[in-house]
Amino acid sequence: MARYLVFTMEETSARARLLDDLAPETCRAVWKLLPLAGPCGHVMLGGTSCALNIDPSVVVPEENAAGLIHPGDMMFIHYNARERHGHPAAESKIYGAYDRYCVPRTPGKMTPDYPNVFAEFDGETQAFFKACEMTFLEGRRPIAIAGIEE
C-alpha cells in the first residue's frame, strides 16, 4: 500500500508519493503532522521551490539526502537556532521543487544544503506547479496538505 501527500493550493491540487523505503524517518515525522495548512511561500535562495514551515521541533536524521534536486522532489530540512545569520530561531520546513532550477542553499551562509528527499510528485502537476511559481511574483498563498493511502 502506497502513501501519498495531497497538496491543495487555491483551486489546484497535486499528489506526491511518500518514499517510505528511502526516507522512513522523514516520512513518519511528516505523516504524524497531517493534516497541515499554512502559508506557502517561494524560497528566497534555493531557486524554483516553495516551502511550508512546520513545527521547528521536528528533527529527523539525514536520509536520502541530495544536492541535485529534480522537479517534483519533496524535501525536508531543519536548521538549528542561531546557526544562520539573521535567523535566531530553529526552523523546519518541507518544500518542493516545481522546476529544474532548484538549488538548496543555507540562508545567511550561502552554502549548499542537502535536504532529505522524502516524496515525489506524480500524475498531473502542471497547474499546481504554476501556482507554486506564482508565489514568486505574488507572494505567499495558503496551502493544505492531507494524507491518503492506496
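For LYS93, the requirement of being open to solvent by 60 Å² or more (accessible area, probe 1.4 Å), among the charged types (D, E, K, R) and without any contact (Cβ under 8 Å) to a residue 60 or more places away in the chain is not met. A count restricted to region 15-37 and to residues that are of a type in the set (Gly, Ala, Ser), closer than 22 Å to CYS132 by Cα and either in contact with a Cys (Cβ under 9 Å, 6 or more places away or on another chain) or open to solvent by 20 Å² or more (accessible area, probe 1.4 Å) (or both) stands at 1. Contact annotation: residue pairs with Cβ atoms under 8 Å, 6 or more positions apart or on different chains, pairing a residue in region 1-29 that is without any contact (Cβ under 8 Å) to a residue 40 or more places away in the chain with a partner that is open to solvent by less than 10 Å² (accessible area, probe 1.4 Å) and not in a strand (DSSP E or B), are ASP20/CYS27.
In the set LYS130, LYS93, LYS109, only one residue is among the charged types (D, E, K, R), out of contact with any Cys (no Cβ under 9 Å at 6 or more places or on another chain) and modelled with pLDDT under 95; that residue is LYS109.
The values are calculated or read from the model by the stated rules, or taken from the named source; none is laboratory data. Worth saying up front: this structure is predicted, and the values here are computed from it rather than measured. Every residue, glycine as well, gets a Cβ built from its backbone with ideal geometry; the counts of neighbours run over all protein chains shown. Calculation scope for accessible area: heavy atoms of the full protein, side chains included, ligands and nucleic acids excluded. Shrake-Rupley method; radii C 1.70, N 1.55, O 1.52, S 1.80 Å.
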